[in-house]
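For reference, the structure discussed in these notes is given below.
The values are calculated or read from the model by the stated rules, or taken from the named source; none is laboratory data. Because the structure is predicted, anything quoted here is derived from the model rather than measured. Ideal geometry is used to build each Cβ from the backbone, glycine not excepted, and the neighbour counts take in all protein chains shown. These accessible areas exclude ligands, DNA and RNA; they are computed on the full protein's heavy atoms, side chains included. Shrake-Rupley method; radii C 1.70, N 1.55, O 1.52, S 1.80 Å.
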Amino acid sequence: MFKLYSMEKAKRIVSDQSDLIESICAPYRLPSACLKAILLMEIPEIDLTDLLVDTIVRLNWLRYFMTHRYNPERHTRNPLRKFDSSTGYGQIFSRVAIEAILFARSRGIPVDVGITGELSPVRPEDLRRVWLRLNREPVFNLKCSALNLLHAAFQMTGRVDFGQYTEEELKLIFTRYNGNVKQISAYGEKAYRYYLNFL
(Lines give C-alpha, C1' and ligand atoms only; values in the text may rest on other atoms or scores of the structure.)
Protein backbone atom coordinates (compact mmCIF):
# COMPACT_ATOMS: atom_id res chain seq x y z
CA MET A 1 0.00 0.00 0.00
CA PHE A 2 1.10 3.59 -0.59
CA LYS A 3 3.22 4.86 2.31
CA LEU A 4 2.44 8.35 3.57
CA TYR A 5 5.92 9.06 4.97
CA SER A 6 9.32 8.19 3.58
CA MET A 7 12.11 7.34 5.99
CA GLU A 8 13.64 10.75 5.26
CA LYS A 9 10.37 12.48 6.11
CA ALA A 10 10.11 10.43 9.31
CA LYS A 11 13.63 11.46 10.29
CA ARG A 12 12.74 15.12 9.70
CA ILE A 13 9.62 14.79 11.88
CA VAL A 14 11.66 13.23 14.69
CA SER A 15 14.35 15.89 14.32
CA ASP A 16 11.81 18.74 14.26
CA GLN A 17 10.09 17.32 17.35
CA SER A 18 13.33 16.51 19.19
CA ASP A 19 12.89 19.12 21.94
CA LEU A 20 9.30 18.05 22.53
CA ILE A 21 10.27 14.37 22.64
CA GLU A 22 13.01 15.10 25.15
CA SER A 23 10.64 17.10 27.35
CA ILE A 24 8.11 14.24 27.29
CA CYS A 25 10.74 11.62 28.16
CA ALA A 26 12.62 13.56 30.85
CA PRO A 27 10.11 13.17 33.75
CA TYR A 28 10.13 9.39 33.23
CA ARG A 29 13.90 9.13 32.96
CA LEU A 30 13.20 7.53 29.61
CA PRO A 31 16.04 8.12 27.13
CA SER A 32 14.59 10.14 24.26
CA ALA A 33 16.51 7.78 21.96
CA CYS A 34 14.00 5.06 22.89
CA LEU A 35 10.95 7.03 21.81
CA LYS A 36 12.75 8.36 18.73
CA ALA A 37 13.62 4.80 17.72
CA ILE A 38 9.97 3.74 18.05
CA LEU A 39 8.87 6.71 15.94
CA LEU A 40 11.33 5.77 13.20
CA MET A 41 9.88 2.27 13.28
CA GLU A 42 6.27 3.39 13.14
CA ILE A 43 6.00 6.59 11.06
CA PRO A 44 7.41 5.15 7.79
CA GLU A 45 4.95 2.26 8.01
CA ILE A 46 1.86 4.50 8.04
CA ASP A 47 -0.01 4.03 4.78
CA LEU A 48 -3.37 4.63 3.15
CA THR A 49 -4.80 1.54 4.85
CA ASP A 50 -4.15 3.18 8.22
CA LEU A 51 -6.11 6.25 7.14
CA LEU A 52 -8.96 4.04 5.93
CA VAL A 53 -9.06 2.10 9.21
CA ASP A 54 -8.95 5.34 11.21
CA THR A 55 -11.95 6.58 9.21
CA ILE A 56 -13.83 3.34 9.88
CA VAL A 57 -13.13 3.63 13.62
CA ARG A 58 -14.33 7.25 13.64
CA LEU A 59 -17.54 6.32 11.79
CA ASN A 60 -18.18 3.33 14.05
CA TRP A 61 -17.95 5.53 17.13
CA LEU A 62 -20.35 8.00 15.55
CA ARG A 63 -22.78 5.19 14.77
CA TYR A 64 -22.39 3.74 18.27
CA PHE A 65 -23.24 6.99 20.02
CA MET A 66 -26.17 7.62 17.69
CA THR A 67 -27.70 4.14 17.96
CA HIS A 68 -25.94 2.17 20.74
CA ARG A 69 -26.56 -0.76 18.44
CA TYR A 70 -23.13 -2.39 18.47
CA ASN A 71 -20.98 -3.34 21.43
CA PRO A 72 -17.49 -1.82 21.05
CA GLU A 73 -16.19 -4.08 23.83
CA ARG A 74 -16.91 -7.22 21.81
CA HIS A 75 -13.93 -8.50 19.84
CA THR A 76 -14.74 -8.92 16.20
CA ARG A 77 -12.75 -9.91 13.16
CA ASN A 78 -14.97 -7.82 10.92
CA PRO A 79 -12.82 -4.84 9.87
CA LEU A 80 -15.95 -2.73 9.35
CA ARG A 81 -16.81 -3.10 13.05
CA LYS A 82 -13.50 -1.77 14.42
CA PHE A 83 -13.66 0.59 17.39
CA ASP A 84 -9.91 0.87 17.95
CA SER A 85 -6.89 1.13 15.71
CA SER A 86 -3.24 1.99 15.93
CA THR A 87 -3.07 5.67 15.16
CA GLY A 88 -0.83 8.72 15.12
CA TYR A 89 2.96 8.93 15.03
CA GLY A 90 3.34 6.27 17.72
CA GLN A 91 0.75 4.00 16.05
CA ILE A 92 -0.82 3.27 19.42
CA PHE A 93 -4.22 1.74 20.18
CA SER A 94 -6.63 3.39 22.60
CA ARG A 95 -6.83 0.30 24.79
CA VAL A 96 -3.01 0.11 24.95
CA ALA A 97 -2.75 3.81 25.81
CA ILE A 98 -5.31 3.46 28.61
CA GLU A 99 -3.50 0.43 30.03
CA ALA A 100 -0.21 2.39 29.95
CA ILE A 101 -1.81 5.36 31.74
CA LEU A 102 -3.30 3.06 34.39
CA PHE A 103 0.04 1.30 34.83
CA ALA A 104 1.83 4.62 35.36
CA ARG A 105 -0.79 5.75 37.88
CA SER A 106 -0.49 2.47 39.78
CA ARG A 107 3.29 2.90 40.07
CA GLY A 108 3.12 6.54 41.16
CA ILE A 109 4.62 7.69 37.86
CA PRO A 110 3.48 11.23 37.01
CA VAL A 111 0.93 11.15 34.21
CA ASP A 112 0.60 14.46 32.38
CA VAL A 113 -1.92 13.63 29.66
CA GLY A 114 -4.83 15.80 30.75
CA ILE A 115 -7.01 12.92 31.90
CA THR A 116 -8.16 12.77 35.51
CA GLY A 117 -10.56 10.51 37.33
CA GLU A 118 -11.41 6.93 36.57
CA LEU A 119 -10.36 5.41 33.28
CA SER A 120 -11.12 1.96 31.90
CA PRO A 121 -9.84 0.10 28.81
CA VAL A 122 -13.29 -1.45 28.37
CA ARG A 123 -15.61 1.51 28.96
CA PRO A 124 -16.78 2.73 25.52
CA GLU A 125 -16.71 6.42 26.45
CA ASP A 126 -13.08 6.14 27.60
CA LEU A 127 -12.00 4.13 24.56
CA ARG A 128 -13.55 6.70 22.24
CA ARG A 129 -12.22 9.75 24.11
CA VAL A 130 -8.66 8.41 24.23
CA TRP A 131 -8.71 7.17 20.63
CA LEU A 132 -9.89 10.56 19.31
CA ARG A 133 -7.10 12.30 21.20
CA LEU A 134 -4.50 9.80 19.99
CA ASN A 135 -5.70 10.38 16.44
CA ARG A 136 -5.95 14.18 16.56
CA GLU A 137 -3.34 15.34 19.09
CA PRO A 138 0.30 14.51 18.25
CA VAL A 139 1.58 15.58 21.70
CA PHE A 140 -0.94 13.34 23.47
CA ASN A 141 0.02 10.51 21.11
CA LEU A 142 3.72 10.93 21.91
CA LYS A 143 3.05 11.06 25.67
CA CYS A 144 1.03 7.85 25.53
CA SER A 145 3.72 6.21 23.39
CA ALA A 146 6.30 7.09 26.06
CA LEU A 147 4.05 5.65 28.78
CA ASN A 148 3.60 2.51 26.68
CA LEU A 149 7.39 2.11 26.60
CA LEU A 150 7.42 2.26 30.41
CA HIS A 151 4.63 -0.30 30.57
CA ALA A 152 6.40 -2.55 28.06
CA ALA A 153 9.60 -2.27 30.11
CA PHE A 154 7.83 -3.44 33.25
CA GLN A 155 6.06 -6.26 31.45
CA MET A 156 9.30 -7.58 29.97
CA THR A 157 11.73 -7.00 32.86
CA GLY A 158 9.66 -6.53 36.01
CA ARG A 159 11.09 -3.06 36.57
CA VAL A 160 11.28 0.42 35.05
CA ASP A 161 14.93 1.43 35.00
CA PHE A 162 16.15 2.60 31.63
CA GLY A 163 19.56 3.43 33.08
CA GLN A 164 20.27 -0.23 33.81
CA TYR A 165 18.83 -2.26 30.94
CA THR A 166 21.01 -4.61 28.98
CA GLU A 167 21.00 -4.72 25.19
CA GLU A 168 18.78 -7.80 25.27
CA GLU A 169 16.31 -6.17 27.66
CA LEU A 170 16.02 -3.08 25.47
CA LYS A 171 15.35 -5.26 22.45
CA LEU A 172 12.63 -7.08 24.43
CA ILE A 173 11.07 -3.74 25.42
CA PHE A 174 11.03 -2.53 21.81
CA THR A 175 9.57 -5.89 20.75
CA ARG A 176 6.80 -5.59 23.36
CA TYR A 177 5.91 -2.09 22.19
CA ASN A 178 4.91 -3.59 18.85
CA GLY A 179 3.43 -6.92 19.87
CA ASN A 180 2.54 -9.38 22.59
CA VAL A 181 5.49 -11.75 22.34
CA LYS A 182 8.09 -12.90 24.84
CA GLN A 183 11.19 -13.18 22.66
CA ILE A 184 13.12 -10.61 20.67
CA SER A 185 11.60 -9.99 17.24
CA ALA A 186 13.02 -8.45 14.07
CA TYR A 187 11.16 -5.29 15.11
CA GLY A 188 13.03 -5.21 18.42
CA GLU A 189 16.38 -5.75 16.72
CA LYS A 190 15.79 -2.97 14.21
CA ALA A 191 14.44 -0.53 16.80
CA TYR A 192 17.54 -1.15 18.91
CA ARG A 193 19.77 -0.19 15.96
CA TYR A 194 17.82 3.05 15.56
CA TYR A 195 18.14 3.64 19.31
CA LEU A 196 21.93 3.35 19.08
CA ASN A 197 21.96 5.94 16.28
CA PHE A 198 20.24 8.47 18.56
CA LEU A 199 22.68 8.10 21.47
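Wrap a convex hull around the Cα atoms of region 89-199, take a quarter of its surface area, and give that in square nanometres.
Numbers: hull surface 28.5 nm².
If you wrap the Cα atoms of region 89-199 in a convex hull and average its projections, you get 7.1 nm².
Given springs between every Cα pair under 10 Å in a Gaussian network model of the chain, which of S185, S23, S94 has the largest fluctuation? Evaluated over the chain, the most mobile residue of the options is S23.
Taking the Cβ of R105 as the center, what net charge do the other residues with Cβ under 15 Å away carry, scoring Lys and Arg +1 and Asp and Glu -1? Please list the in-between numbers first.
On the way: positive: R107, K143; negative: E99, D112, E118, D126.
With Lys, Arg at +1 and Asp, Glu at -1, the net is -2.
Distance from a point 7 Å along Cα→Cβ of E189 to each backbone N in region 1-44: keep the residues under 20 Å and list them by number. Backbone N within reach: 37-42. Distant-in-sequence amide contacts of T87, defined by a placed amide H-H separation under 5 Å and a gap of 5 or more residues or a different chain, comprise I92, F93. Show log10 I(q)/I(0) for region 1-66 at q = 0.13, 0.20, 0.25, 0.26 Å⁻¹, two decimals, from a solvent-free Debye sum over equal Cα scatterers. Treating every Cα as an identical point scatterer, log10 I(q)/I(0) equals -0.52, -0.82, -0.95, -0.98.
Label-to-label distance for D19 and F65 is 3.4 nm, based on points extended 7 Å past Cα in the beta-carbon direction. Solvent exposure of the chain amounts to 52 Å² per residue of accessible area, where only protein heavy atoms count and the probe is 1.4 Å. For the pair T116 and V181 in one chain, pulling the backbone fully straight at 0.36 nm per residue adds 20.3 nm over the alpha carbon distance.
If each DSSP helix of 4+ residues adds -39,500 (n - 2.57) and the sum is divided by the residues in the chain, what number results at 222 nm, nearest 500 deg cm²/dmol? Value at 222 nm, helices only, nearest 500: -19000 deg cm²/dmol. Put simply, the C-alpha atoms of the chain give a gyration tensor, and the ellipsoid matching it has half-axes of 27, 20, 16 Å, longest first. What does the charge count around P138 come to, taking other residues whose C-beta lies under 13 Å from its C-beta (Lys +1, Arg +1, Asp -1, Glu -1)? Overall, the nearby charge balance is 0. Gain on full extension, evaluated as 0.36 nm per residue between V139 and S106 minus their Cα-Cα distance, stands at 9.6 nm. For region 10-114, the fraction of 1.4 Å probe accessible surface lying on carbon and sulfur atoms is 52 percent. Between beta-carbons, use under 14 Å as the cut-off and find the net charge around I92, counting Lys and Arg +1, Asp and Glu -1. Taking every other residue near I92 into account, the sum is -2. Centre-to-centre separation between the Cα atoms of region 1-54 and those of region 103-181: 15 Å.
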